[in-house]
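Beneath this line is the structure, given in structure tokens, with notes to follow.
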Amino acid sequence: MSLSYESCIQLFKKGILNQRIASAYLFSGSDASLLLNVGMALSRELLEGDPLKHPDFYFVRPQTKLKRISVQQIKEVCQQLYLKAYKESRKVCLILEAESMCLGGGEAANAFLKTLEEPPSHTTILLTSTRPLSIFPTILSRCIRVSVYSSPFEISTEDQELLAEVQKWMQIDNGEPIAGFKKMALLNEFIQKTKAELEKENEEESLEETQTLIHIKLMDKRERFLRLLEQAYWQKIQEELKKGSPKKSFWRYVEAIRTIEQLHQDLRHAVDESLAIEAAFLPQTF
């Protein structure tokens with residue numbers, strides 16, 4: 001089935017209310033940040049609270065060096081899922097970029113398949129993927145598949161706080177030679193400010209828990225910010241098209257979108273954050 005972000009959340013809420021929740025779901029789409037938001041929102045509904053602070057929430061993503069989910073990660077999380085829940089009667093496991101389990105011979109995927117075949121009781125597994133066709137058919141067949149899309153210019157309540165930062169970005173003079181430096185500085189400033197806020201917000205947690213919470217929340221906020229930037233450039237293109245402007249008048253907006261999409265990809269695949277931002281914006285004047 002294909003659903004918008006809002007419809008997906010509403011349908012899931014109805015399923016929880018009626019106690020009709022499956023053991024495994026696969027959410028796919030072209031926007032990784034949107035899929036992350038879906039996974040976190042549904043986890044929040046299932047656990048009735050912030051999943052990042054819940055002992056029965058398990059989060060799996062590709063390892064930095066390997067750029068894939070390892071068999072060790074899968075074995076560890078699956079072992080935890082079969083244990084009794086700490087707090088509530090339900091456990092939730094969110095696995096990002098599920099297709100990466102199928103890399104390196106697919107050992108991780110094969111190990112995970114055993115859990116899908118005999119799912120732990122009172123456990124919901126949420127997988128996300130921007131490349132669902134790369135996932136083994138044996139895994140696909142055991143998940144309820146949902147394709148998630150969003151309106152190009154749809155702004156969620158959570159995104160409202162980021163609009164001021166996006167407006168600062170769009171106000172930078174695109175014609176000046178140092179525009180790329182300004183945008184690089186603005187993005188780095190946003191990331192550092194967000195890190196500081198998250199550290200203060202989670203200072204009561206243990207060191208290991210704090211680092212995990214900050215990493216996940218920062219990744220989420222950074223992805224949402226970049227997605228809003230893409231939407232802002234698409235709006236610029238639409239405005240130029242409505243005015244009947246020649247293609248060359250808005251081509252720089254197209255290039256801007258391509259650059260942000262590449263940055264999305266680099267950051268998701270564990271490229272060093274500072275180097276990825278520098279590579280994206282130092283050569284640019286858009």
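Just a few scattered comments:
- Cross-link partners for K14 among the lysines, with Cα-Cα distance under 30 Å and sequence neighbours closer than 8 places in the same chain left out: K53, K84, K87, K91, K114, K217, K221.
- Net charge, Y82 excluded, C-beta distance under 10 Å - Lys, Arg +1, Asp, Glu -1: +1
- The H215 and Q235 beta-carbon pair, evaluated with R₀ = 45 Å, returns a calculated FRET efficiency of approximately 0.90.
- Extension gain for R20 to E197 (0.36 nm times residue separation, less C-alpha to C-alpha distance): 60.0 nm.
- Measuring nothing but how far apart in sequence close Cα pairs (under 8 Å, 6+ apart) lie, relative to its length, the range 1-67 scores a relative contact order of 27 percent.
- Mean separation of Cα contacts under 8 Å (6+ apart) over length of the range 78-134, as relative contact order %: 51
- Modelled label positions at S30 and K168, each set 7 Å beyond Cα in the direction of Cβ, lie 3.0 nm from each other.
- Cut-off 20 Å, label 7 Å out along Cα→Cβ of S7, residues of the range 44-73 by amide N: none
- Going by neighbour counts of Cβ atoms within 10 Å, the residues W251, W234 line up, fewest first, as W251, W234.
- Stretch gain in nm, segment E255-Y149, where the contour uses 0.36 nm per residue and the Cα spacing is subtracted: 35.9 nm
- Rounded to whole Å, the principal axis extents of the Cα atoms in the chain read 59, 41, 39, largest first.
- Sum of side-chain charges, K13 neighbourhood, beta-carbon under 12 Å (Lys, Arg +1; Asp, Glu -1): 0
- Annotation for R90 and E189: the two label points, set 7 Å from Cα along the Cα-Cβ direction, are 4.2 nm apart.
- The gain in end-to-end length when the Q79 to K67 segment is fully stretched comes to 2.1 nm, 0.36 nm per residue minus the alpha carbon separation.
- With N counted as the residues of the range 15-105, its alpha-carbon radius of gyration over 2.2 N^0.38 Å works out to 1.12.
Just so you know, all these numbers are worked out from the coordinates, no wet-lab data involved. Owing to the predicted nature of the structure, the values given are computational and were not obtained by experimental measurement. Ideal geometry is used to build each Cβ from the backbone, glycine not excepted, and the neighbour counts take in all protein chains shown.
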